[in-house]
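Please read the structure below before turning to the comments.
Quick note: the coordinates plus some simple rules give every number you see, no bench work behind them. Values in this document were obtained by computation on a predicted structure and should not be read as measured data. When we count neighbours, we look across all protein chains shown, and the Cβ atoms used for this are built from the backbone with ideal geometry, even at glycine.
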Amino acid sequence: MLLKVHTFSRKVFSSLLHCPGLGVTCLGMGKSLIQQLPCRNFHVSCQRCTMMPSWVIDRYGKNDVLRFTNNMMFPLINFPNEVIIKVHAASLNPIDVNMRSGYGAAAIRMKRDPLHITSTGSEFPLTLGRDVSGVVMECGLDVKYFRPGDEVWAAVPPWKQGTLSEFVLASGNEISKKPRCLSHTQAASLPYAGLTAWSAIRHAGGLNQDNCSNKRVLIFGAAGGVGTFAIQLMKAWGAHVTAVCSQDASELVKRLGADDVIDYKSGSVEEQLKTLPLFDFILDNVGGSTEKWAPDFLKKWSGATYVSLITPFLVNMDRLGVADGMLRTGMTFGSKTFKHLCKGVHYRWAFFAPSGPYLDEIADLVDAGKIHPVIDQVFSFSDVPKAFQKMEEGHARGKTLQTEGILTVILEGFSTNTYAGSAQLTAEQSVDVKTDGVSSRIQTTDILQYDCIFFLLLFPAFMLNWAISSA
């Protein structure tokens, strides 16, 4: 779901450094981390520069916990690799609906501060929303690839404050230059779903543009956000794609490039797949009983891989606690991996992984016309609760059957007529920045950190499970 916000200008962060109410520590940190721009002209029409409009939750629950506020604290750059982005468009994903209800709270709190796991409720007020497309406003000293005024897109990880705000803070390694051929509205529909699919296909599945040609690929939940992206990516890399979706979505997936379409409503998917050749790669966005029989349709002892995006990792930690949840997850993953390996196929789990360099590659594919955004519906910023309701209804159907369509919400109409205290856009507002001499981006990501943490969490449990099985 996409959320679009009209652009406003304000004296960002530099104004904060000169506010008399700020402490000396904050003043010193700001001077050491924020780049001094040689040429800049901000016109300010709002004096309240320390606050911003935002949609937040103060507790977990249903749609009634969503609250609009004009008094959300303006994000501050705490590390030299961070940037502040002025949000032009944002989108909702099923993870946002789940997080609103408390899904993954234990694991996300641990990720925010692994050495000091905080108590329940310390994350509030919490801003949801993962996808963003906007303009860079401020950069930390170590950010060399971006400059204020650059149009960027990103998927902010769940352990950070989300994008349903006027401004959002992100790492320089999490953002990328927005595809030139897309508007902010179109761009905001892709990052989270795209990076999730990219992680599953390239990182977990081991497929890329060099080894994917003529591979047979099966995608469950092909009409969802991840599925529609995966179809286009696989076709761009030369694979043969079989998509599983409903009859209503068959035309969509065919337009995106699917070679074969299986309607799960017309009969048993398992029986229909028996009429087709075996596959080299299966991407499962559905889970449930599908996992019990789907790997049987992979080519045995050929390196074929089954990748599932439906895992018990966060659920176990919510239900059993951090330690017991990790142990249970490790044992589950280890036993399933070993069982499928004995059958001659690889079994993997995949997770969203924030990565600016991966978004760079996706942007190249978008500009080349090989990947297109799929937008279902547009909402105004004032209708964020309606957008959540729409996403929740669609996600519920996806849980029982398969997710049909990407529910995209555009947030627009973000004006002072609707919300008091917001800045007004005038013809005098501008950002004039010299961009000569911008250095190349260092291709480092948070994925290595993400994988190392996940490996360290699950490896002891896996070894314990292996020892018990061998005894």
Task: ³J(HN,Hα) computed for each position of region 214-229 - Karplus, 6.51 cos²θ - 1.76 cosθ + 1.60, integer Hz, glycine/proline x - done: 6, 6, 8, 10, 10, 10, 8, x, 6, 8, x, x, 5, x, 5, 5
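What are the semi-axes of the equivalent ellipsoid for region 277-317, taken as the square roots of 5 times the Cα gyration tensor eigenvalues, largest first, in whole Å? Mind showing how you got there, number by number?
On the way: eigenvalues 101, 21, 12 Å².
Taking √(5λ) for each Cα gyration eigenvalue gives 22, 10, 8 Å.
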Task: Rg/Rh (Cα only; Kirkwood hydrodynamic radius) as it applies to region 60-131 - done: 0.96
Task: Close Lys-Lys pairs in region 260-339, where close means Cα under 14 Å and separation is 8 or more or interchain - done: 4
Open item on the list: If you split all Cα-Cα distances of region 220-352 into 10 Å bins from zero, what percentages do you get per bin, shortest first?
Closed with: 12, 39, 33, 15, 2
Open item on the list: Which of the three applies to region 180-284, rounded, prolate or oblate, going by the alpha-carbon gyration tensor with a ≥ b ≥ c and a/c under 1.5 meaning rounded?
Closed with: oblate
Task: Under-5 Å amide H pairs with VAL152, H placed in peptide plane, nonlocal only - done: GLY134, VAL135, VAL136, LYS178
Open item on the list: Counting each pair of different Cα atoms once, what's the Kirkwood radius of region 141-224 in Å, rounded to one decimal?
Closed with: 15.3
Task: Protection proxy ranking of 224-233, 163-172 - average other beta-carbon atoms within 10 Å, highest first - done: 224-233, 163-172
Task: Sequence ranges 55-65, 244-254, ranked by mean other-Cβ count within 10 angstrom, highest first - done: 244-254, 55-65
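Please report, in debye to the nearest 20, how large the charge dipole of region 57-106 is about its Cα centre when each Lys and Arg carries +1 at its beta carbon and each Asp and Glu carries -1 there.
Computed charge dipole of region 57-106: roughly 120 debye.
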